[in-house]
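In what follows, a structure is listed as structure tokens, so that the remarks can point back to it.
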Amino acid sequence: MTAILTPPATAVHAASRARRRDAWNLGAVVVVWSTSLFVAALWVVGGGVDAVLGGGGDALNAIGRLAGLASSNLLLLQVLLMARVPLFERGFGRDGMTRVHRLTGFWSLALLLAHIVLQTLGYAAAAGVNPVGQLVEFVVDYPGMLLAATATALLVLVAVTSMRRARRRLRYESWHLLHLYGYLGAGLALPHQLWVGADFTASALATGYWWGLWILTALAVIVYRVIVPLVRSRRHALRVAEVAPDGADGVTVRMRGHGLDRLDARPGQFFVWRFLDGPGWTRGHPLSLSSAPSATELRVSARFAGDGTARLAALRPGTPALIEGPYGRMTGDGRRGRRLLMIGAGAGVAPLVSLLEGEQYLPGEATIITRDTTPEVALRSDALAALVRDRGVQHIALPGPRARSGAPWLPESHAQWDGAQALRHLAPDVQDHDVYVCGPPAWMDAVLRDLRRAGFPASRIHRESFVV
């Protein structure tokens with residue numbers, strides 16, 4: 001076995017990377033909270049508190065205005081999260097982005113609906129009319145309200161199709177297309193806010209804030225979703241070099257390009273890929289690196305789970321690739337311990353293999369647990385065998401249908417095992433291990449519960465989710 005010794009400076013570099021990551025996280029959190037507090041301050045300065053204390057229809061209107069302001073602010077933050085701005089990508093990481101995306105999405109829609117209801121009731125009470133008639137008058141007679149109603153319908157559509165039950169029934173390509181309507185919804189809401197929103201035009205400060213935030217958001221989408229990917233793709237000239245079957249229902253695609261080290265991609269990260277192979281190339285697909293990146297080569301692996309991934313098998317050598325990324329924080333930057341425990345299921349094994357290829361450890365200090373329905377569908381089997389042979393990695397394959405009792409992340413053949421005890425048996429010195437988990441969300445949740453029960457510190461557990 002080849003011993004890979006860890007140089008003394010590694011711990012220092014890891015601590016430096018951790019400090020940079022914490023700084024990005026602090027910056028992202030500060031932006032989210034400062035914009036929210038600033039919007040609330042604008043409402044207070046505009047007489048919101050006095051109106052609430054006055055009661056009646058004015059109180060309903062004031063609370064409705066606050067709900068609308070907060071909803072607009074969160075909606076713009078939603079768009080910024082979709083724009084892949086480096087501050088949020090590096091500050092929250094993919095898993096954190098998923099949680100923040102869901103949280104801001106829920107509250108922006110809930111506050112938007114509250115805004116509509118409260119404003120309707122408030123105006124109806126002040127005018128002494130029926131609330132339904134008041135709502136119809138809003139939509140028909142007020143400037144920009146018809147567009148705002150359309151925006152609301154689009155945002156409701158995005159929210160409904162993003163629920164897990166609905167997501168399971170939709171192909172990724174269909175869901176992704178529907179999700180892009182969030183951009184259109186945000187844009188259609190703008191005229192109403194600027195034409196009849198008193199809080200948007202009450203002062204030069206408020207007007208400057210909202211116009212500045214809208215312009216900044218639009219520029220972020222254009223720069224980080226269009227210009228930067230096109231420039232990077234042209235500079236590095238990635239093209240498909242080889243397409244090979246990987247397991248019974250998977251594929252590995254190897255790309256070659258120029259100066260790929262300047263991308264600063266790290267094992268465990270992912271890119272959004274678009275292959276210029278004909279109609280449908282515009283739909284991007286998030287695929288993790290399945291090998292440690294080099295200056296001339298990137299490799300991804302995927303299971304066939306939709307039209308986009310199935311098309312990978314038909315790619316021909318020489319096909320150009322457009323890239324967005326790299327994204328994700330499931331890298332060695334957050335590593336603290338000497339030992340590694342990798343736990344992956346299905347396509348989630350791919351980024352763990354790239355981490356094992358790129359990280360430093362001695363023989364016997366790294367263990368990977370893989371879960372697949374059958375041994376034949378396992379991804380990256382050859383790469384795992386090489387890691388076992390050359391790096392001294394311990395590979396524990398647990399194929400089979402999931403257990404109906406006991407730990408649900410284990411196979412039925414091991415249903416009698418206690419998940420936490422099994423983890424402590426595999427990694428008894430829990431304080432010296434960093435754990436990396438990647439797989440379907442429900443499966444990962446089960447693994448994380450047992451990791452916590454086994455006593456693994458939360459700061460040593462690293463995960464990545466690819467479901468928004």
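The values are calculated or read from the model by the stated rules, or taken from the named source; none is laboratory data. What you are looking at is a predicted structure, and each value in this text was computed from that prediction instead of being measured. Cβ coordinates were reconstructed from backbone atoms using ideal geometry, including for glycine residues, and neighbour counts include every protein chain displayed. SASA here: full protein model, heavy atoms, side chains in, ligands and nucleic acids out. Shrake-Rupley method; radii C 1.70, N 1.55, O 1.52, S 1.80 Å.
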Among residues belonging to the stretch 322-343 that are of a type in the set (D, E, K, R) and under 25 Å from residue 231 (Cα atoms), point out the one that is modelled with the highest pLDDT. 324
In the stretch 244-298, what residues are among the aromatic types (Phe, Trp, Tyr) and either in contact with a Cys (Cβ under 8 Å, 6 or more places away or on another chain) or within 21 Å of residue 345 (Cβ to Cβ) (or both)? 270
(1) open to solvent by less than 70 Å² (accessible area, probe 1.4 Å); (2) at pLDDT below 95: which one isn't true of residue 459, the others all being true? (1)
Tell me the strands (runs of 3 or more DSSP E) entirely within the stretch 325-441 that contain at least 3 residues that are open to solvent by 30 Å² or more (accessible area, probe 1.4 Å) and free of Cβ contacts under 8 Å to residues at least 40 places away in the same chain. 394-399
Check on residue 282, open to solvent by 50 Å² or more (accessible area, probe 1.4 Å) and under 30 Å from residue 434 (Cα atoms): no
Within the stretch 51-64, residues being open to solvent by less than 60 Å² (accessible area, probe 1.4 Å) and either in contact with a helix residue (DSSP H, G or I) (Cβ under 6 Å, 6 or more places away or on another chain) or under 15 Å from residue 115 (Cα atoms) (or both) number 8
Considering only the stretch 89-101, I want to know if a residue exists there that is modelled with pLDDT of 85 or more and either more than 30 Å from residue 264 (Cα to Cα) or assigned to a helix (DSSP H, G or I) (or both). no
Considering each residue of the stretch 207-247, count those that are over 13 Å from residue 85 (Cα atoms), of a type outside the set (A, V, I, L, M, F, W, C) and open to solvent by 30 Å² or more (accessible area, probe 1.4 Å), and give that number. 11
Need at least 1 residues that are touching a residue at least 12 places away in the same chain (Cβ under 8 Å) and more than 28 Å from the chain's Cα centre (by Cα) per element, so show me which helices (runs of 4 or more DSSP H) inside the stretch 189-273 make the cut, counting only ones lying wholly within it. 198-201, 204-222
The stretch 12-43: number of residues that are over 17 Å from residue 206 (Cα atoms), open to solvent by less than 40 Å² (accessible area, probe 1.4 Å) and modelled with pLDDT of 80 or more: 3
Failed item, numbered, when residue 277 is tested on (1) in contact (Cβ under 8 Å) with a residue 40 or more places away in the chain; (2) within 21 Å of the chain's Cα centre (by Cα); (3) more than 24 Å from residue 439 (Cα to Cα): (2)
Residues of the stretch 113-149 classified as open to solvent by less than 30 Å² (accessible area, probe 1.4 Å) and hydrophobic (A, V, I, L, M, F, W, C), total: 3
Looking at 293, 320, can you tell me which residue is surrounded by 19 or more Cβ atoms within 10 Å (Cβ to Cβ) and over 17 Å from residue 378 (Cα atoms)? 293
As an exercise: evaluate residue 96 against (1) surrounded by fewer than 21 Cβ atoms within 10 Å (Cβ to Cβ); (2) in contact (Cβ under 8 Å) with a residue 60 or more places away in the chain; (3) of a type outside the set (Phe, Trp, Tyr); (4) out of contact with any Lys or Arg (no Cβ under 8 Å at 6 or more places or on another chain) and give the number of the one condition it does not meet. (4)
Of the conditions (1) in contact (Cβ under 8 Å) with a residue 40 or more places away in the chain; (2) in contact with a Leu (Cβ under 8 Å, 6 or more places away or on another chain); (3) surrounded by fewer than 18 Cβ atoms within 10 Å (Cβ to Cβ); (4) not aromatic (Phe, Trp, Tyr), the single one that residue 75 does not satisfy is (3)
